[in-house]
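Since the structure comes first, as structure tokens, the remarks are kept for the end.
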Amino acid sequence: MTELSAIWPPFGLTLTTPRLVLRPIRDEDIPFAVDAALSGITEPGRNPFSTPWNESHPGELGANMARWYWRCRAGMSPENWTLLLGIWHDGGFVGCQDVGAADFALLRTVSTGSWLRRSAQGNGLGKEMRAAVALYAFDYLGAELATSEAAVWNQQSLGVSRSLGYELNGIVRASWGGKAQEVQNVRLTPATFKRPGWALQVQGHEATAQYLGI
């Protein structure tokens, strides 16, 4: 039987760090992603996401997440793509790290976003998974710039950015979840990147890059 990764090559991509495995979320992974989200991501009263998807009713959250994963896969093209990478730690699903781009062939720029279940926060996993996609973007995809953003009060996210060498790139006022937020933009280049002291292990890159037109 034909392997699914032969039909949709990103399914063959795996990034491995000292403590984590990152790979595109498959349908059989969705229940684990939903359980991780339902276990709690943020403290009540403050939501770090521009779209507060995690505040959906528990009975609707799973379907919403599945639709998002399917929509990103269906809409993927060389002109606009998002890799939604599940994060596994000690064999368990703990969160998601995404990396995406629009007009990558011209702009050589990626953007990133992520979430971790609360029980996995506070021990450096967020920094490790962001470092993994930065390494992949710069060393394998040939990106020249990586961008991210966070609410100005989200010092945990901005701390990860600072520790990896991101530079501040202006504050904008934006509508997040129907509320006005001050949002800090950050940017990272290969020159400013504070590389980790470990090497990223990558499988399935060639087929993925070809599929993305890189």
Two-site label geometry, Thr147 and Asn123: point separation in nm, points 7 Å out along Cα→Cβ:
3.5
Gain in span if fully extended, Thr189 to Gln203, counting 0.36 nm per residue against the direct Cα distance
2.7 nm
Using DSSP loop states and a limit of at most 14 other Cβ atoms within 10 Å to flag GluC sites (Glu not before Pro), what is the longest stretch of the chain containing no flagged site?
4-78
Once you place label points 7 Å from the Cα toward the Cβ at Glu28 and Val172, how far apart are they in nm?
4.0
Where does the chain land at 222 nm, in deg cm²/dmol rounded to the nearest 500, when only DSSP H runs of n ≥ 4 count, each adding -39500 (n - 2.57), divided by all residues?
-8500 deg cm²/dmol
Segment Leu4-Asn64, extension gain: residue separation times 0.36 nm, minus the distance between their alpha carbons
19.2 nm
Suppose every K and R has +1 on its Cβ and every D and E has -1 on its Cβ; what is the size of the dipole of the chain about the Cα centre, in Debye to the nearest 20?
480
³J(HN,Hα) across the stretch 64-76 via Karplus (A = 6.51, B = -1.76, C = 1.60, θ = phi - 60°), whole Hz, x for Gly/Pro?
5, 5, 4, 4, 5, 4, 5, 5, 5, 5, 5, x, 6
Taking every pair of Cα atoms in the chain, average 1/r, invert it to obtain the Kirkwood radius, and report Rg/Rh to two decimals.
0.94
So, with points 7 Å from each Cα along the Cβ direction, the Thr109-Val21 label distance in nm works out to 3.5
Among Ile7, His89, Gln121, whose Cα lies farthest out toward the positive end of the dipole of the chain, if unit charges sit on the beta carbon of Lys, Arg (+1) and Asp, Glu (-1)?
Gln121
For the stretch 91-173, whose charge dipole is built from +1 on Lys and Arg Cβ atoms and -1 on Asp and Glu Cβ atoms, the candidate among Leu106, Leu135, Ser148 with its Cα farthest towards the positive end is Ser148
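Every read-out reported here was derived from the displayed coordinates using simple, explicitly stated rules and does not represent laboratory data. Quantities reported herein were computed from a predicted structural model and do not represent experimental measurements. Cβ: placed from backbone, ideal geometry, glycine included. Neighbour counts: every protein chain shown.
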